[in-house]
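Inspection log for the structure reproduced underneath, given as structure tokens.
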Amino acid sequence: MKMLKKLVSAVAMLAAFAGTAQASIINIGGVTWDPDAVSLTDSDFTARYVFNQFFTSNANAVGNAVNAAPNYANAINPLTVGIGDVLQGVGELVSFNGVDYGNTKSLVGGAFCASCELTFVFGGFEISGPGKFKNGWLRLYVDNTPDFDVSTSAAANASDGNLFLELNAVDNQFSNATSFQSGFLTSFFAVTGGIAANNFDTNTQQFMADLLSSASSQFSNNNFLATSTGQISGNTIPEPSTVLLLSLALLGLAITRRQANSK
């Protein structure tokens, strides 16, 4: 019994130390970030992105499938869109927790995606009324053969990687009630899949969402395609530390030994 108490006390001390120690840098598919990063908000994850967006008819909207990409040729005039038309597009993350893509002097050992790129495709944002969208999804891809440029690349280059995060919109808020030609779209996303899903599935945002995205919309000079910027933020779950894993192993050993001695 005394030995068991000592082991339990040791485990408690190790666990307490693990809780106060700085979390390790996370690496998922080549994307690295610090889960203890400090931002101006309460979130420990903040990323900036650039993207192309356009409206299309529901019949020509990109399908909600992994590696699917929209077709720029299906863009319609934003001045004439109405209920049932869909907003969609492609883009790329350019900053991840303050680390810019291509910043080789970062404290995390290089750019957040040092030998890869983190791109995305979004779609399904259907106009449901004046200044209103319903549904919507976004898929992030990590690609170890970077080939996407928001200004010059084909849309398919944004979806040819491995699925990093799969997100479904649980609520959308648009700032312009009279026109879809300009405004800000705020979307609350729930994580539903991807290799990094376990690190972002926190339910810490409004509507029990995991991530909050805010992007601008500005279709100028009657252009059917608009290039814009946005930000997505939330919280991430650190990887289990070595100390914590050791603590759990010791606790399991203590329980096993106690059970063996009681027989």
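Work out from phi, with θ = phi - 60° and the Karplus expression 6.51 cos²θ - 1.76 cosθ + 1.60, the ³J(HN,Hα) of each residue of the range 148-156, listed in order in whole Hz, and give x for Gly and Pro.
Karplus values, whole Hz, x for Gly and Pro: 10, 9, 4, 8, 10, 7, 5, 4, 5.
Around Leu93, under 12 Å between beta carbons, what's the net of Lys plus Arg minus Asp minus Glu among the other residues?
-3
For Gln206 paired with Asp100, estimate the spin-label separation in nm (one decimal), with each label point 7 Å from Cα along the Cα-to-Cβ line.
3.2
Just to verify a number: what accessible area does Thr236 come out at with the full protein assembly present, 1.4 Å probe, Å² rounded to tens?
Roughly 10 Å² of Thr236 is accessible to a 1.4 Å probe.
Between Ala154 and Thr80, with labels modelled 7 Å along Cα→Cβ, what's the label distance in nm to one decimal, could you check?
Between Ala154 and Thr80, the label points sit 2.8 nm apart.
Search the structure for amide H atoms under 5 Å from the amide H of Ser95, placed 1.01 Å from N in the peptide plane, and list their residues when 5 or more places away or on another chain.
Arg48, Tyr101
With θ taken as phi - 60° and the coefficients 6.51, -1.76 and 1.60, list the Karplus ³J(HN,Hα) couplings across the range 88-94 in order, rounded to whole Hz; mark glycine and proline as x.
Karplus values, whole Hz, x for Gly and Pro: 8, x, 9, x, 8, 6, 10.
Using 1/(1 + (r/R0)^6) with R0 = 35 angstrom and r between the beta carbons of Phe224 and Asn144, what's the FRET efficiency to the nearest 0.05?
0.60
The values are calculated or read from the model by the stated rules, or taken from the named source; none is laboratory data. Every value quoted in this text rests on a predicted model; they were computed, and no experiment measured them. Here the Cβ is made from the backbone with ideal geometry for all residues, glycine too, and neighbour counts use every protein chain on show. What goes into the accessible areas is simple: the full protein's heavy atoms, side chains included, and nothing from ligands, DNA or RNA. Shrake-Rupley method; radii C 1.70, N 1.55, O 1.52, S 1.80 Å.
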